[in-house]
Amino acid sequence: MIRVNRTYRKTPEFKILSDDQIQAVHSATLRILEKTGMLIMGENKEVIKILEEGGADVKGNRVRIPPVMVERALRSAPSRVKLTGRKGNGEVLLERNVVSYGLGTDVPKHIDTYTREIRSTVLKDCENIGRIVQTCENIDFNSYAGLASDIRPEMQDLYHYKAANMYCDKPYFTTAASAANLRALVEIGTIFAGSADEFHRNPSFIVYGEPISPLVFDKEATEVLLGCAEYGIPVVFPSMVGLGATGPVTLAGGLAQGSAETLASLVLHQLKNPGAPFLWGPYVSQMDLRTGIFTYAGPTFMKSQAALGQISRFYDIPTFGFAGCTDASILDAQCGMEMFWATLNAALSGLNLCHDVGYMNSGLLYSLESLLFGDEIISAVKAFMEGIVVDEEALAVDLIDQIGPSGHFLAEAHTRKYYKTEGWYPEFSNRQPCQIWEMEGSLTIEEKLMKKAHEIIEADIEPLLNGDEIREIDRIIKNREKQLS
Amino acid sequence: MKELFESIAGQIVAGDSDKVVSLTREALEKGATAEEILNQGLVSGMDVVGERFAAMDMFIPEVLVAAMAMTDALEILRPLLTAAGIKSDNRLVIGTMEGDLHDIGQRLVGMIFEGAAFEVINLGADIKPQAFVEAIKKHKPNLLGMSAMLTTTMLKMDETIKLIESEGLRDTVKIMVGGAPISPDYAEKIGADGYAPNAATAVKKARELLASV
């Protein structure tokens, strides 16, 4: 016999917009770019010149972008971007239907893993974060997740690079404070790649910058954007649309505005160097109109992320997403709910570079424990996204017959073969009966995470950067410091 | 008259500018002084707004509408207050540091201060240290607010305070700083008088600082 008409679904499928709704948002995006356009701040002649020569309507420092320019940029931008770890370790493939998780960049405060105090982030934290990322099998890319308060701000990105990569060689996500700092980062990347060509083929880091909502390009950030285009380094250039503050309060309008700002960035970037790698995807979320913070969690943000996943597939360009982040200031029930929701949502929405794992308090706070917790959450989401295998072996009708009524399955070969892939085994989440849990000291998940964090950061291991590499990085940092002073 | 003041306060909380303005005119016609209207009507209404905002019982757009109603009524009262020789209200000059265009927070703070009866001169974003100094000379504020979103532009605060000192203006003005990367330690280190983590507490802190003058 033949079983026919069988459709298999491997993963859950999730859509929040219809095709017509996507088209409507896109149409609004084009109207914003054509009707209102972007304001170019800070004597930025190069940006104005590039856009004008590319066909934009320029009046003073206001630049209006016709749809044809957007379409051209979307055609020339690659649909696939690849990042490789510094020494070929780890690959982040940014393309349709591939979801990768990793860390975010600037966080001013850190929860001290020993004292539980909220204090300013220091450089050592970035190094410890790297140590932990290296051990997390579900974290695909690293970043510094801090702002080292013990380093002068103009040099932070370069010191962050050294600290974050000392014990971690996964692909790296970074900001660049200026075009000159970007050059220094490229110099460092080139050393690791062995040659400029090799670095160009297999970049080990991706750069973050922003237009300013609503509809403004500033000088420093666009210089970094153009630098990335020139060197062919992948770049993420999302705007921050706080609904009701830096954009309209309505989600559809916020999506259109954020999309317009990010597409304007793409247009500029592709005019500078057609085909250079670019990640699309603005931040569009609710400004909490009681506290004034930009939320990193909650239903409005989750809906926006889901919509952006669909719109990016419509544009066929890899997208930037958020995952494992929370507005909570402590690892509590709110933190668990929000980190999990964002992580699952990113997978369901098919976002590509999903950053900010472990971000707390809307990006103001970080902790080693939220990072480790994020790794466990991603592991759960991965298992969920595997879907349900439905075949003869999994239906196990013969096995059920063989065991028969009142038997058990505990010792079966079938059980031993599939228990790990069909089930999920957390490292930190509690599954002990309360009597045992009490006997073992009534540990909270935070206490378990702390213990693990201490084990990792106290381990006596060799740095992954060797002496020569450290000297090279130090030389580049010193040169840049000299230029600044 | 007490009832009229209460209505003004109530309409401030409701954010109805037209009614606040007409009730203010009515109170003046009935013989109330500008100072009475200001303190017993407008400010008392804004005090309620401030409390409810702090308790998360009012939302920013409602607070701003209340602040705008207050500003509209103040336009009528200000010449009368000046004529009566009443020392002008608090005056805030506020701006975002050079190189920084992130001014949504700073604009919000400015509007909340307007609602707290401060005269607010908002210089906007990307303001050079020298421009802050010139604004102090021109507007003679008793409070200066500086905002930065980036660690790199935050450094301009230090530079600006040093310039204000070298121009001999430091004693004329209290200085407050704020923004995502700013900490109370940093504020103290650069010699600012105060720091606040959000708009509502900024007003409270400003009043404390100015009361100590």
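Filtered by the rule that a residue be of a type in the set (Val, Ile, Thr) and within 14 Å of chain A (Cβ to nearest Cβ), segment B:151-161 gives B:151, B:152, B:153. Considering every residue within segment A:461-469, establish whether at least one is out of contact with any Asp or Glu (no Cβ under 9 Å at 6 or more places or on another chain), charged (D, E, K, R) and surrounded by 14 or more Cβ atoms within 10 Å (Cβ to Cβ). Scanning segment A:461-469, I find at least one residue that is out of contact with any Asp or Glu (no Cβ under 9 Å at 6 or more places or on another chain), charged (D, E, K, R) and surrounded by 14 or more Cβ atoms within 10 Å (Cβ to Cβ), so the answer is yes. Evaluated against (1) buried (at least 23 other Cβ atoms within 10 Å of the Cβ); (2) more than 14 Å from chain B (Cβ to nearest Cβ); (3) under 26 Å from residue A:349 (Cβ atoms), residue A:104 falls short on exactly one condition, (2).
Checking segment A:292-311 against the condition returns no match, with no residue being more than 25 Å from residue A:427 (Cβ to Cβ), within 14 Å of another protein chain (Cβ to nearest Cβ), in contact (Cβ under 8 Å) with a residue 40 or more places away in the chain and assigned to a helix (DSSP H, G or I). Scanning for something within 14 Å of chain A (Cβ to nearest Cβ), at pLDDT 90 or above and assigned to a helix (DSSP H, G or I), does segment B:162-174 turn up at least one residue? No, that holds for no residue. Does any residue of segment B:18-33 turn out to be within 20 Å of the chain's Cα centre (by Cα) and surrounded by fewer than 22 Cβ atoms within 10 Å (Cβ to Cβ)? The answer is no; no qualifying residue exists.
Considering segment A:309-334, and only residues there that are in contact with a helix residue (DSSP H, G or I) (Cβ under 7 Å, 6 or more places away or on another chain) and among the hydrophobic types (A, V, I, L, M, F, W, C), the residue that is surrounded by the most Cβ atoms within 10 Å (Cβ to Cβ) turns out to be A:323. When we screen B:35, B:26, B:6 for residues that are modelled with pLDDT under 95 and assigned to a helix (DSSP H, G or I), the only hit is B:35. Within segment A:74-87, identify whether any single residue is assigned to a strand (DSSP E or B), under 24 Å from residue A:373 (Cα atoms) and in contact (Cβ under 8 Å) with a residue 60 or more places away in the chain, and answer yes or no. Checking segment A:74-87: not a single residue is assigned to a strand (DSSP E or B), under 24 Å from residue A:373 (Cα atoms) and in contact (Cβ under 8 Å) with a residue 60 or more places away in the chain. For segment B:126-150, a residue qualifies if it is in contact (Cβ under 8 Å) with a residue 40 or more places away in the chain and within 14 Å of another protein chain (Cβ to nearest Cβ), and the qualifying residues are B:147, B:148, B:149, B:150. Considering only residues of segment A:247-260 that are more than 19 Å from the chain's Cα centre (by Cα) and surrounded by 24 or more Cβ atoms within 10 Å (Cβ to Cβ), which is nearest to residue A:287 (Cα to Cα)? Checked segment A:247-260; the qualifying residue nearest to residue A:287 (Cα to Cα) is A:247.
Could you please find all residues in segment A:284-295 being touching an Asp or Glu at 6+ places or on another chain (Cβ under 9 Å) and under 20 Å from residue A:215 (Cβ atoms)? Selection gives A:294 alone.
For segment B:110-125, the count of residues that are within 11 Å of chain A (Cβ to nearest Cβ), in a helix (DSSP H, G or I), in contact (Cβ under 8 Å) with a residue 24 or more places away in the chain and more than 30 Å from residue B:11 (Cα to Cα) is zero.
Residue B:91 satisfies every condition listed in (1) of a type outside the set (A, V, I, L, M, F, W, C); (2) crowded, with 18+ Cβ neighbours inside 10 Å; (3) more than 14 Å from every other protein chain (Cβ to nearest Cβ) except (2). Within segment B:73-109, restricting attention to residues that are among the small types (Gly, Ala, Ser) and assigned to a loop (DSSP other than H, G, I, E, B), the residue that is farthest from residue B:17 (Cα to Cα) is B:99. Elements of the type strands (runs of 3 or more DSSP E) sitting completely within segment A:1-73 and holding at least 1 residues that are in contact with a Gly (Cβ under 8 Å, 6 or more places away or on another chain) and surrounded by fewer than 18 Cβ atoms within 10 Å (Cβ to Cβ): these cover A:57-59, A:62-64. Checked against (1) closer than 30 Å to residue A:347 by Cα; (2) surrounded by fewer than 19 Cβ atoms within 10 Å (Cβ to Cβ), residue A:118 passes all but condition (1). Of the residues screened, residue A:389 is one that is more than 14 Å from every other protein chain (Cβ to nearest Cβ), at pLDDT below 95 and outside any helix (DSSP H, G or I).
When we screen B:54, B:66 for residues that are closer than 20 Å to residue B:207 by Cβ, within 14 Å of another protein chain (Cβ to nearest Cβ) and surrounded by fewer than 22 Cβ atoms within 10 Å (Cβ to Cβ), the only hit is B:54.
The values are calculated or read from the model by the stated rules, or taken from the named source; none is laboratory data. Because the structure is a prediction, the values reported are computed rather than measured. When we count neighbours, we look across all protein chains shown, and the Cβ atoms used for this are built from the backbone with ideal geometry, even at glycine.
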